[in-house]
Each structure stands twice: as C-alpha cells, then as structure tokens.
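K.L.:
Handing you a structure now.
The values are calculated or read from the model by the stated rules, or taken from the named source; none is laboratory data. Nothing here was measured: the structure is a model prediction, and the numbers come from that model. Note: ideal-geometry Cβ built from the backbone for every residue, glycine included; neighbour counts use all protein chains shown.
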Amino acid sequence: MPTNPEETRGRAEKLKERIAENDCLYYVRDAPKIEDSEYDALLRELAAIEAEHPELLTADSPNARVRGEPRGEFVKAIHGEPMRSLDNALDVGELRSFYDRAAKSLGLSEISDTEWVCEPKLDGLAVSLIYRDGLLERAATRGDGAVGEDVTQNVRTIRSLPLRLARASCLDGVIEVRGEVCMSREDFAELNRSREESEAPLFANPRNAAAGSLRQLDHRVTASRKLKIFLYHLQNPALFGVGTQWEMLDWLAGRGFPTQRSRKLCRTVGEIEEYLVEWGDERFTNSVNTDGVVMKLNDVRLREELGSTAKAPRWAIAFKYPPEEKQTKVLDIMVSVGRTGALTPTAQFEPVRLSGTTVQRASLHNQDEIDRKDIRIGDVVWVHKAGEIIPEVLRVDLEARTGTQTPFLIPGACPVCGAAAVRLPGEAAIRCQNKSCPAQLQEEILHFVSRQCMDITGIGDKLAAQLTERGLVKSVADIYSLSPDDLTGLDRMAEKSSQKLVAAIGESKGRPLAAVINALGIRNVGKKTASDISKRFASMDALIAADEAALSSLDGVGPIVAASIRAFMEDGHNISTIDRLKEAGVNMTSGDTGSHDFSESSSSEVFAGRKFVFTGELSGLTRPEAERIAESLGAKTSGSVSKKTDVLVAGENAGGKYNKALLLGLEIWDEQTFMEKLKETGCGI
Ligand code: IVH
C-alpha cells in the first residue's frame, strides 16, 4: 500500500477506474478481459485502502454500492420533464395509421422520407437517473409520471450500472437518462424457487419481481436480487451533440450504460414488420423479457416538431406481442416427493410450443390449486409460461369436458415409500411423514452437495438414487464415510472417478459455517439467512443452543424462521446428523466471527465482554454517558473502529467510522437499537 497520502489517493482512484472498466466489460459488454481472481484482488486492494483511509470510500466506490441505513419510507422525486408512457399499436393496421399520421404532421408526402428506429420494449420498471458531474445523484421511479419515488439507494446496488460515467470529464453538469430495471427470466425462476421453499408468496412474473425488489425500503434486500438495468433514452440530447435515436443508443453505450443490443433502422412499414417478426422469435433467447417493440422517430429535431400529448410522445409507439396462451390436453398428473417431504403434483400434457420451447409438464403446486382450477385428468386446458419462463395451467376449457375426465386427489400415502402423507393445519402441502423416505433423502443429498452448500461435484440425480437404494447413504452424514471401494462399480463410477469424488468429499469438510448451515436444509433457511446466522454465531453449538428470542433478534430472521430453526434443533435425528458431521471433521465454527457466542444470549451478554465504539450524535444522551452505561454492563469501549470491534453504535451524521465498520462487516446499531438493548437488560434507561 502506498504510504504517501497523494499516492494512496491516486492508487484508490486508479483501482476504482480499473474496477469500473472491468465491470463494464463483464456486465455490459459480456466480454470480461481479466480472471475473477485478478478482479477480486483489485477489489480487495481498494477495500484495504478504504479501511485504512475511510475518507477515500467515496460514493462511486464499488464497495459503497450497498450504503447507508435502510429508509423508513420513500421520499418523493419530482421529474423535471414528465415520464410519459407510450401509446400502443395492437396490430399492423394501427401501426400504419400511427405512421401515416406522423408523416402527415411532419408534412412529408412520402413515408419513406423518415427514419424510424425499432428496439425491444423491455418488460420492467421505468426509472430516471440523474448524474451530476459524472456521478449518479438520483434515481427515481416513474410514479404518476410527474412525481415518482426516490430509489437511489436501491438502484446503486445494481452492479451493471456505472456509479461514475466513463469519460466523465466532458460530462460536467446534469445529465438525465431513462431506462428500465428488469429481472432476467432465470433469476426470477430462481427467486421464486427459493420463495416457494420458504413458503413466501411467489411473484407472478419477472416484472413484478423487479418492481418488488426495487421498491424495498431495505436496499440490502434489493442488492440480493440480481436486478438488471438497460438505458434507452437521454434527455436534451442536442446538448450532447446527439441528433438521432441511433446515436443516442451509441452515446449511452459509450458512457458505460447497459443497452439492449437489438435495434433496426427502418424506412418503411414493411421493414418494421420484418423486425417485429424477427424479434418475435429472437426475444425468447434474450435474458430479460421484452413484451413488444418500440418504434421511435430517429431524428430528435423532428420529434420536437411532433411533440407529446399529456400521456405519451407523438413520435414513438409501442407494438405489444399478444400473450402466448395455448391449448393442450392433460394426459396424467404425477406426484413427486421433495426434500421436505412435500408431495407435489405435476400435470403431464401433450407437447405444446410455448415462448420458444416445447413444454409438456407444469407444476400444479398443491391440492388447493388443483381444486381451485378444477383440473382433471383428460381435461383440455389453456397453458402459458408465467413470466415467459415457468409453464402454468391457466384454466380448464369447460366446454371441452365430455364427462370422461377424472378428478385428481393427492394420495394419502407417499408414492415412494408408502408411509402416511398428511396435511398439517395451516400448511398447503401434504407431506410424507417418514423421515427416512428414500425420495426425501435423495433430495436432501442433492441439496447437501449443491454449490451453495457443501459444493461437492460428482453427485447428481443418478448417483444419489443409487446411494440411497443400496443403503450406502441413510443420512447425509454417511457421505463422509464413503470409500472409493463403496463407489467403484456403481453405474458410471470407475476407480478414478470414485477416488476423485472421495477427494472432493474430503475437501468439502472445510466449507464455511454458512454453507454447512445451509446444507442442513432447515426449512425457511436459505443461503442468505444461513450467511446472516453464521455471522452472529461463532459455532454450530451456539446455534443449537440459541433460543427463539436470540434467533429472532437477528437481521432477516423473523418469528417463523426462528421457530423453524428451533424445531429443527430440537429433533434428535437432526442433532445426531450434526454430531456425525462434526465427528467426520466438517467445519462447525465461523472463522471470522471472533469469539462471541450468543448461545445463552441473555441481554446483558449483548454488552458483556464486547468492544463498542460510539460515533455520531446521539439525541437522548451524550456520547460519554452512553459509553459509561455500556461499560457498566461489562462492555469495553474504544474511540476507533478495528476488526476487533464488536459493535458500532452510530448516531446522526456518523462518518468515517461508520464507513469503516460497514467495510469490515461489523454489527452496527442505530441509537434506537442501542436504547432497546439497554431496556432489555433492565438497566432502567
Ligand atoms: S421510450 C420518452 N423505449 O414502456 C421515452 N420505453 O409502455 C419514452 N419501455 O414507460 C419511453 N422499453 O417504461 C422506451 N425501448 C424502450 C422501452 C420503453 C420499455 C417502457 C417505458 C415506458 C413504457 C410504456
């Protein structure tokens, strides 16, 4: 690290620039030039400088994407120029009349005298971004067009968005760009998968998921949602020497903004129609949903001539593709058993082409869903892909009922092991009650070895089935007793691959505590919660001993999750699995938590023996007073933040210490939290 302050500042600036360049290559251009490890080294070097010199942790630092405390409510954001929507053309006839009208208003006799740019219509949430002197200053939603909501904190967390513009020196002053925040179909499906697992309500489509994720009061939730953003508009383009829509898209891309690649310059309605057909097919290969095409007059001066109505510009129109709904026939309803024993019904139907792929099954989720839609075997049904990705039965064509269709009831016995399957009060799922059900065990194994858990490569569906069928694995802990001899001879397992797998199993013993907690498959505990928990508990033993109150005091752990962890830990079967994993040498401690252990977390232990730093202005008491109170409860206090600090209490206008604590990932309390903790100790404040 450079020692001279000027050099340090220069190095930090250089690092920020290089990271931003590589972010752009990775996220925007899809053409990374450096290895992940090299990129991580740049991030780490910058973080180290910023930890030593918190004043260098500026707003455009990649380490400051998730910044500040969550808001209590959204602040209003007034749009300088209203954010209008677009008029729609539902068919080519409407497109043609829009086109003719525009040409007439411009006084053109020949339609082909004008140029139009066709580009995908993104199915997301419109935002306006304001950059001042090259730095992102404000991000706002559309709202009612005149006034939206300030979502700056949330938008900052979108990794593909530049916080500082490339070639900023020539971009002094205010720039407003507009675009769309979206979620990719894959990230939407993944998000819904984990929500289904934790029985949280599902999002209907990627647009709702993007909107729900962006409009979070806690921007840390937004940060975990993998949002994407694409820009398509620059306000006052003439100020920047931009004369056409085509140049505008190039200008945006040149400043490091993500843009959609597909576009076409057209002169005739025929050419526009060709693009509608082309994009109609290609759109299913695009990572984010585009529900139509926007046609925009290319020349920005001519746009001014046409102007806008209160609602929409007269120089652009959106063509929307009709939603794809098709008919097919339900051939059968199959029931599968998941990791938690839930019996999930899946409709099998005659193959049907939907949103670019052939589909022949759709989950029916549970009995209530089957009853609500009254789906019977043999029914003709309307199907679509929710969010253009997840096949779904929309409704039954009742007119096609002939009386030969058979209603379906999920069986009261597990289709795999035959044990009783029961629907518990308050639950939607019917679950197999047999803890050693091979189907559940197989799913448990697959979860245990998955990338976000113990990350053991080499165990897939087929091998997991063989391991359970042959009784080689009766509990996930048995994975650690497998020898090459056990594996050699199994389907597709030669000596070499068996040895490789045993080595991979051995290597997995060192995974972090968060991965081990996630691997246990506790209901309602996914990757994020497991990671939050591991930051607060020094060991698995501490987690086992934690009561519901201690658990629900954690960020991101509500009463349902806390109860679910308790229920898991009270089950002897689970505790013996944990014991056996421990005996096998699986890591059960959190290396970076330090020594605090919340196992018997009575409130005063929240203070006793822990190092506190107070910063900023407290309103109810002075800083020395606060320090004395904490000390009286056994806390140690200090004036500076370091890795050894346990808690930073940050009042109003907290600055450098707060930033450093954020970087170090320390526990940070606001004044209210501090007062609440004091109250819990009964210290009489
Ligand atoms: S241009 C003044 N271009 O569609 C700029 N809008 O239904 C007017 N949208 O509110 C918008 N993709 O949120 C434009 N390529 C695109 C778009 C697009 C999606 C959205 C936008 C607008 C809505 C109208």
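K.L.:
Is it the case that some residue within segment 23-42 is of a type in the set (A, V, I, L, M), in a helix (DSSP H, G or I) and in contact (Cβ under 8 Å) with a residue 12 or more places away in the chain?
P.N.:
There is at least one residue in segment 23-42 that is of a type in the set (A, V, I, L, M), in a helix (DSSP H, G or I) and in contact (Cβ under 8 Å) with a residue 12 or more places away in the chain.
K.L.:
Within segment 381-432, track down each residue that is under 19 Å from GLN360 (Cβ atoms), of a type in the set (Lys, Arg) and at pLDDT below 95.
P.N.:
Hit for segment 381-432 is LYS385, nothing else.
K.L.:
Still on this structure, I have one more. If you check GLU507, GLU469, GLU443, which single one turns out to be acidic (Asp, Glu) and touching a strand residue (DSSP E or B) at 6+ places or on another chain (Cβ under 9 Å)?
P.N.:
Answer to the selection: GLU443.
K.L.:
Turning to a different aspect of this structure: Check every one of the strands (runs of 3 or more DSSP E) wholly within segment 619-672 and list those with 1 or more residues that are without any contact (Cβ under 8 Å) to a residue 24 or more places away in the chain and out of contact with any helix residue (DSSP H, G or I) (no Cβ under 6 Å at 6 or more places or on another chain).
P.N.:
Passing ranges, in order: 667-670.
K.L.:
A further question on this structure: Report, by residue number, each residue of segment 273-314 that is within 10 Å of the ligand (Cβ to nearest atom) and touching a helix residue (DSSP H, G or I) at 6+ places or on another chain (Cβ under 8 Å).
P.N.:
THR290, VAL293, MET295, LYS296, PRO313
K.L.:
Right, something else. Hey, any hits in segment 118-133 for a residue that's away from the ligand (no atom under 13 Å from the Cβ), among the aliphatic types (A, V, I, L, M) and under 17 Å from CYS266 (Cα atoms)?
P.N.:
no
K.L.:
Right, another one. May I ask you to list the residues in segment 87-97 that are within 14 Å of the ligand (Cβ to nearest atom) and either of a type in the set (Gly, Ala, Ser) or surrounded by 13 or more Cβ atoms within 10 Å (Cβ to Cβ) (or both)? Please lay out each step first, then the result.
P.N.:
As a first pass, look at segment 87-97 and keep what is within 14 Å of the ligand (Cβ to nearest atom): 87-90.
Correct list: ASP87, ASN88, ALA89.
K.L.:
Kindly provide the set of residues from segment 476-530 that are among the small types (Gly, Ala, Ser), surrounded by fewer than 16 Cβ atoms within 10 Å (Cβ to Cβ) and within 25 Å of CYS437 (Cα to Cα), ordered by number.
P.N.:
Answer for segment 476-530, where residues must be among the small types (Gly, Ala, Ser), surrounded by fewer than 16 Cβ atoms within 10 Å (Cβ to Cβ) and within 25 Å of CYS437 (Cα to Cα): SER481, SER483, GLY489.
K.L.:
Any residue in segment 222-234 that is of a type in the set (S, T, N, Q) and within 16 Å of the ligand (Cβ to nearest atom)?
P.N.:
So far as segment 222-234 goes, no, none of its residues is of a type in the set (S, T, N, Q) and within 16 Å of the ligand (Cβ to nearest atom).
K.L.:
I would also like to ask the following. Which one of these does LYS14 not meet: (1) surrounded by fewer than 14 Cβ atoms within 10 Å (Cβ to Cβ); (2) under 28 Å from the mean Cα position of the chain (by Cα)?
P.N.:
Here LYS14 clears every test but (2).
K.L.:
Could I ask something else about it? When you go through TRP251, TRP279 one by one, which is the residue that is free of Cβ contacts under 8 Å to residues at least 60 places away in the same chain, more than 25 Å from GLU190 (Cβ to Cβ) and buried (at least 17 other Cβ atoms within 10 Å of the Cβ)?
P.N.:
Of the residues listed, the single one that is free of Cβ contacts under 8 Å to residues at least 60 places away in the same chain, more than 25 Å from GLU190 (Cβ to Cβ) and buried (at least 17 other Cβ atoms within 10 Å of the Cβ) is TRP251.
K.L.:
Are any residues in segment 172-195 without any contact (Cβ under 8 Å) to a residue 24 or more places away in the chain and either within 15 Å of the ligand (Cβ to nearest atom) or surrounded by fewer than 15 Cβ atoms within 10 Å (Cβ to Cβ) (or both), and if so, which ones?
P.N.:
GLU190, ARG193
K.L.:
Follow-up question, since we're still on this one. Filter segment 299-350 down to the residues that are of a type in the set (Gly, Ala, Ser) and closer than 30 Å to ILE445 by Cβ, then identify the one that is surrounded by the fewest Cβ atoms within 10 Å (Cβ to Cβ).
P.N.:
The selected residue is SER336.
K.L.:
Please determine, by comparing only the residues of segment 196-221 that are within 16 Å of the ligand (Cβ to nearest atom) and surrounded by fewer than 20 Cβ atoms within 10 Å (Cβ to Cβ), which one is nearest to GLU149 (Cα to Cα).
P.N.:
The extreme case among them is ARG215.
K.L.:
Output the number of the condition that ARG84 fails; it satisfies all remaining conditions of (1) of a type in the set (D, E, K, R); (2) surrounded by 15 or more Cβ atoms within 10 Å (Cβ to Cβ); (3) farther than 18 Å from ASN236 by Cβ; (4) within 15 Å of the ligand (Cβ to nearest atom).
P.N.:
(3)
K.L.:
On the basis of being within 19 Å of the chain's Cα centre (by Cα) and either surrounded by 17 or more Cβ atoms within 10 Å (Cβ to Cβ) or closer than 19 Å to LEU191 by Cα (or both), does VAL561 make the cut?
P.N.:
no
K.L.:
Just checking, does segment 62-81 include any residue being closer than 18 Å to ARG314 by Cα, within 16 Å of the ligand (Cβ to nearest atom) and either surrounded by 17 or more Cβ atoms within 10 Å (Cβ to Cβ) or at pLDDT 85 or above (or both)? Full working, then the answer.
P.N.:
Filtering segment 62-81 down to residues closer than 18 Å to ARG314 by Cα leaves 81.
Still in the list and also within 16 Å of the ligand (Cβ to nearest atom): 81.
Keeping just the survivors that are either surrounded by 17 or more Cβ atoms within 10 Å (Cβ to Cβ) or at pLDDT 85 or above (or both) gives 81.
The answer is yes, given that some residue of segment 62-81 is closer than 18 Å to ARG314 by Cα, within 16 Å of the ligand (Cβ to nearest atom) and either surrounded by 17 or more Cβ atoms within 10 Å (Cβ to Cβ) or at pLDDT 85 or above (or both).
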